[in-house]
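K.L.:
One structure follows; several queries about it will come next.
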Amino acid sequence: MNDNLSDQERIRREKLARLRKQGIDPYPARCRRSHTIAEARHLFEAGQLAEDEKLVLVGRLRTVRIMGKASFAHIEDGSGRVQIYLRYDEVGPQRYELFTRLLDIGDFIEVQGTMFRTRTGEVTLRVQELALLSKALHPLPDKWHGLKDVETRYRQRYLDLIANPEVRQIFITRARVIKALRRYLDSHGFLEVETPILQPIYGGAAARPFVTYHHQLHQDLYLRISDELYLKRLIIGGYERVYEIGRDFRNEGVSFKHNPEFTQLEFYEAYADYQDVMRRVEEMIAFVADEVLGKRKLIYQGHEIDLNPPWRRVPLRQAILEATGIDYEEYPDAASLAAVMRDELGMEADPQSSRGKLIDSLLGSQVEPNLIQPTFVYDYPREISPLAKARPDDPDIVERFEYFIGGMEIGNAFSELNDPIDQLERFKEQGRALVAGDEEAHPVDEDYVRALSYGMPPTGGCGLGIDRLTMLFTDKASIREVILFPHLRSKE
């Protein structure tokens, strides 16, 4: 292994050996810290530190300037960065040699001293004591060029976070988005719950699942593709408002909008329909924007987007007609719709696709990219919405909507189907499609039908993609930018 080391790595390992030979532990178990760097700076700038008050700061060494018997450097912790100043005659020869001969940029150190301001006005710690906390054996990326290679950034996110402070801010924003969603839902009477990730029957969405085998139970289990069916069991059980924020898993393609493992919010509200949920969604996302950004207008990929309610509402049929000139109601079967898509748009359809899936592909390719301002697209074909309630005036159309911002789908919602007989028939239709080779069709869940048979009140439900909402709030065009450890193809 050592034969493949770079010159810098060899030098660092030599320093490591010298440290150990001198009896210095390069990886001590403990450290002292009296203040974070941000706290120390605040106290000093507010005039709340005595001139001789000693502070103990810790952090990663980021820059070093050695000027004979005096040196400047910067250290950085999770709260910020500060300059430190060392003099040979103040720290002593042993500590000064440790700093100048055995430490490298990237090492973690502990320094004790007093705060002052240099002649150039920079807040600085005058070091009196110095200790090594952790020796870095790999050099950090060049400070002038940073870490730009996208492949390396995603595969070695730890290095990305070290080299690019703006990336750390993305994930701080993501955490704040999740906290704000919780605050909104908690303040409106929703109960946060946890439902199974490993499920004997997957459901709640049209997706191919990941499957694993439980050796003790001798059965296949599936990573959940949605939380929906378990959350609605809780509505049946008597809770009126529930939600869950958690990981879902779909064994599907990877793209700038898709990752096999993603984070989703799902909430369900008894005595509500999809119109009520529309109002809930636009109000909730506006609240999150207030909390996280301090405003409801943002820039995403060069477009100014206004999140203020009310958002535009457009029926799916109208949205596709406006974008393509095709009224899909004039084409009652898959073959005729596929033909006009080919002739008018040059779209070659999968011959196995159902009419509903063709309509969905028209939405995804022809409509979605142009939905920049917040938009609810509603009233979907029954055959691609097996868990949504049909419209009273048209059994082939269900009360479902998807909502789009910045040219991408952010979430999906229904007036939930609560007729157990109708639900069983829908499941059977999906089951036949599954047997026929549709890997995304919904399997029959007899226990869920049994649960519905005990009665579920009229209910509105909604899913929201946390990753895509974070993309919107951080102006990132790829989902990999907002997931700390995205899935990548193995290098082998």
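The values are calculated or read from the model by the stated rules, or taken from the named source; none is laboratory data. All values reported here derive from a predicted model rather than from experimental measurement. Quick reminder, even Gly has a Cβ in these numbers, built from the backbone with ideal geometry, and neighbours come from all protein chains shown. Areas reflect the complete protein model, heavy atoms only, side chains present, ligands, DNA and RNA absent. Shrake-Rupley method; radii C 1.70, N 1.55, O 1.52, S 1.80 Å.
K.L.:
Counting only Cα atoms, I'd like the Rg/Rh figure for segment 143-207, Kirkwood definition for Rh.
P.N.:
1.18
K.L.:
Ok, one more. Hey, any idea what % of the chain's accessible area is carbon plus sulfur with a 1.4 Å probe?
P.N.:
49
K.L.:
Still on this structure, please answer the following. Using a basic spin-label model with each label point 7 Å from the Cα along Cα→Cβ, how many nm lie between Lys491 and Glu45?
P.N.:
It works out to 4.1 nm between the two label points.
K.L.:
How compact and how long is segment 234-337, expressed as Rg and Dmax of its alpha-carbon atoms in Å?
P.N.:
18.4, 50
K.L.:
So if I average 1/r over every pair of distinct C-alpha atoms in segment 265-309 and take the inverse, what Kirkwood radius in Å does that give?
P.N.:
One decimal place: 11.8 Å for the Kirkwood radius.
K.L.:
Here is a further query. For segment 365-492, what mean projected area does the convex hull of the alpha carbons give, in nm²?
P.N.:
Mean shadow area of the hull around the Cα atoms is 11.2 nm².
K.L.:
A follow-up question, please. Please give the solvent-accessible surface of Met115 in Å², to the nearest 10, using a probe radius of 1.4 Å with every protein chain present.
P.N.:
20
K.L.:
Give the peptides 97-103, 215-221 in descending order of average Cβ contacts within 10 Å, highest first.
P.N.:
Top of the packing list down: 97-103, 215-221.
K.L.:
Just the number, please: Stokes-Einstein D of the chain in µm²/s, Kirkwood Rh from C-alpha pairs, 37 °C, 0.692 mPa s.
P.N.:
The Stokes-Einstein estimate is 124 µm²/s.
K.L.:
Which value in Å is the Kirkwood Rh of segment 167-319 over different Cα pairs?
P.N.:
Radius from the Kirkwood sum: 17.8 Å.
K.L.:
Using only the alpha-carbon atoms, what does segment 46-156 span along each of its principal axes? Please give whole angstrom values in decreasing order.
P.N.:
The Cα atoms of segment 46-156 stretch 48, 34, 24 Å along the principal axes, largest first.
K.L.:
Can I ask one more? For the chain, take the longest principal axis of its alpha carbons; what is the angle in degrees between that and the long axis of helix 7-21, to the nearest 10 within 0 to 90?
P.N.:
60
K.L.:
Relative to the first principal axis of the alpha-carbon coordinates of the chain, what is the inclination of helix 228-237, with its axis defined by its Cα atoms, in degrees from 0 to 90 and to the nearest 10?
P.N.:
70
K.L.:
Using θ = phi - 60° and the Karplus relation 6.51 cos²θ - 1.76 cosθ + 1.60, list the HN-Hα couplings for segment 256-268 in order, rounded to whole Hz, with x at every Gly or Pro.
P.N.:
Taking θ as phi minus 60°, the curve returns 5, 10, 10, 9, x, 10, 9, 10, 9, 9, 10, 9, 9 Hz for segment 256-268.
K.L.:
Moving on to the next point. Excluding ligands and nucleic acids, what accessible area in Å² is computed for Lys297 using a 1.4 Å probe, to the nearest 10?
P.N.:
100
K.L.:
To continue, here is another question. Measuring from a point 7 Å past the Cα of Arg432 along Cα-to-C-beta, which residues in segment 199-223 have an amide N at less than 19 Å?
P.N.:
Under 19 Å, as judged by backbone N against the label point of Arg432, lies no residue of segment 199-223.
K.L.:
Using θ = phi - 60° and the Karplus curve 6.51 cos²θ - 1.76 cosθ + 1.60, what whole-Hz ³J(HN,Hα) does each residue of segment 452-469 get, with Gly and Pro shown as x?
P.N.:
So the J values, rounded to whole Hz, are 4, 5, 8, x, 10, x, x, 9, x, x, 8, x, 9, x, 5, 4, 6, 5.
K.L.:
While we're on this one: Using only the Cα atoms of segment 447-492, what are the Rg and Dmax in Å?
P.N.:
Both quantities, over Cα of segment 447-492: 18.7, 52 Å.
K.L.:
Could you give the radius of gyration (one decimal) and Dmax (whole number) of the Cα atoms in segment 226-275, in Å?
P.N.:
According to the Cα coordinates of segment 226-275, Rg and Dmax are 13.5, 39 Å.
K.L.:
How long are the semi-axes of the ellipsoid equivalent to segment 338-379, from square roots of 5 times the Cα gyration tensor eigenvalues, in whole Å, largest first?
P.N.:
22, 12, 7
K.L.:
How much accessible area does Cys31 have with a 1.4 Å probe, in Å² rounded to the nearest 10?
P.N.:
Counting only protein heavy atoms, Cys31 exposes about 80 Å² to solvent.
K.L.:
Taking θ as phi - 60°, what are the ³J(HN,Hα) couplings along segment 341-354 by the Karplus curve (6.51, -1.76, 1.60), each to the nearest whole Hz, with x for Gly and Pro?
P.N.:
Each residue of segment 341-354 in turn: 4, 5, 6, 8, 10, x, 8, 8, 8, 5, x, 8, 5, 6 Hz.
K.L.:
Shifting gears a bit: Just how many % of Cα pairs in segment 351-401 lie over 14 Å apart, if you round to the nearest whole percent?
P.N.:
Roughly 56 percent, once rounded to a whole number.
K.L.:
Go through Ile11, Ile372 and list them by solvent-accessible area, largest first, probe radius 1.4 Å.
P.N.:
Largest to smallest exposure gives the sequence Ile11, Ile372.
K.L.:
For the chain, what does the accessible surface come to per residue with a 1.4 Å probe? Please give it in Å².
P.N.:
In whole numbers, the chain has 49 Å² accessible per residue.
K.L.:
Of Arg119, Arg233, which has the most accessible area with a 1.4 Å probe, and how do the rest follow in descending order?
P.N.:
Ranked list, largest accessible area first: Arg119, Arg233.
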